[in-house]
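Here is the structure we will look at.
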Amino acid sequence: MTTPQHKIGSGFDARSTADDVLHGIDLSGKLAIVTGGYSGIGLEATRALTRAGAHVVVPARRIETAGEAVRGIDGVEVDELDLGDLDSVRGFAERFLATGRSAEIVINSAGIMACPETRVGPGWEAQFATNHLGHYALVNLLWPAIARGQGRVVAVSSGAHRRSGIRWDDVQFERGYDKWLAYGQSKTANVLFAVHLDALARDLGVRAFSLHPGGILTPLQRHLPKEEMIAAGWIDEEGNPLETSFKTPEQGAATMVWAATSPQLEGMGGVYCDDCDIAELSTDPDSLGGVRAHAIDPHQAARLWSLSAELTGINAFPTTH
């Protein structure tokens, strides 16, 4: 496979923070939409972007919780959005578009992980629906504002994309549910989404990226039993982190902010990033790093886009696909 998945030597690494990668970058006058921007690494991204001068819109399912979390941060507004509910996604997009503003940065950071089997909407598996379909619908519905912004769309994926490609014969896990395979599929979907969005939008002035933020202990682990995290070697009996490779939330936010703003990525797009650089293609099935070929395959990306358009009834690029 010919791919632009090669490190560019950004000068940053796994320990760089969101503030580090934004050093010297002025985002005054820019608007960013950050889903999940009130919790975990999303909140740290919101803080860093506002410190660099951006105005940040935080769409949130738990709007009161979000308001509390961002209280005291200048340049932030909160609005209601439930990614698992297409009517809610439509409502948020309509309200935003009605303001006539442009969106220079969109970061799809919200997500759920390894939850018990849950169905949303017309019976969709919740992780695929929330992590992928909700964000797919959001970006397509916001397309007029994104196109005006001439900026970047960033999909927060995970190294867990290696757990599963798209299960074309059973995308909704109707023949037996596995929480980790479902999470892996949704994270592969995030990467494929960025691949195809970039292909559709690059000639229109918008680029798309995906990324693995690194391992971080955040509220994303809310569905995991303590015993499972102890068994995985993540925490001790008292809940203290054991895994030395875990990042702080400030470090976990760095790659998404770098992908959203770095001048080093000018003219690039459709790539998966890791540790504030473009990741290499990984062909080692035992490797925990890099990006797997199934997640950046342009044919699978186009197929997923078509499926997502069919499922949601939403597509900002109908004449293309």
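The values are calculated or read from the model by the stated rules, or taken from the named source; none is laboratory data. The structure presented is a predicted model; accordingly, all values stated were derived computationally and were not measured. All Cβ positions, glycine included, derive from the backbone under ideal geometry; neighbour counts span all protein chains shown.
Flag: residue 137 does not match the condition of being touching a Leu at 6+ places or on another chain (Cβ under 9 Å), of a type in the set (Gly, Ala, Ser), closer than 16 Å to residue 198 by Cα and surrounded by fewer than 20 Cβ atoms within 10 Å (Cβ to Cβ). Note on the range 1-76: no enclosed helices (runs of 4 or more DSSP H) hold 3 or more residues that are more than 16 Å from the chain's Cα centre (by Cα), modelled with pLDDT under 95 and within 19 Å of residue 259 (Cα to Cα). Using the structure shown, decide if residue 309 is in contact with a strand residue (DSSP E or B) (Cβ under 8 Å, 6 or more places away or on another chain) and buried (at least 17 other Cβ atoms within 10 Å of the Cβ). No; evaluated as a whole, the condition is false for this residue. Among the residues of the range 83-109, those identified as basic (Lys, Arg) and either over 24 Å from residue 126 (Cβ atoms) or in contact with a strand residue (DSSP E or B) (Cβ under 8 Å, 6 or more places away or on another chain) (or both) are 95, 101. Screening residue 74 with (1) within 14 Å of residue 182 (Cβ to Cβ); (2) surrounded by fewer than 16 Cβ atoms within 10 Å (Cβ to Cβ) gives one miss only, at (1). Is it true that some residue in the range 6-21 is without any contact (Cβ under 8 Å) to a residue 60 or more places away in the chain, at negative phi, crowded, with 24+ Cβ neighbours inside 10 Å and small (Gly, Ala, Ser)? The answer is no; no qualifying residue exists. Whether a residue is closer than 30 Å to residue 26 by Cβ and either modelled with pLDDT of 95 or more or surrounded by fewer than 24 Cβ atoms within 10 Å (Cβ to Cβ) (or both) was assessed, and residue 274 passes this test. Could you look through the range 28-51, keep only residues that are over 23 Å from residue 141 (Cβ atoms) and touching an Asp or Glu at 6+ places or on another chain (Cβ under 8 Å), and pick out the one that is surrounded by the most Cβ atoms within 10 Å (Cβ to Cβ)? Restricting to residues being over 23 Å from residue 141 (Cβ atoms) and touching an Asp or Glu at 6+ places or on another chain (Cβ under 8 Å), the top hit is 44.
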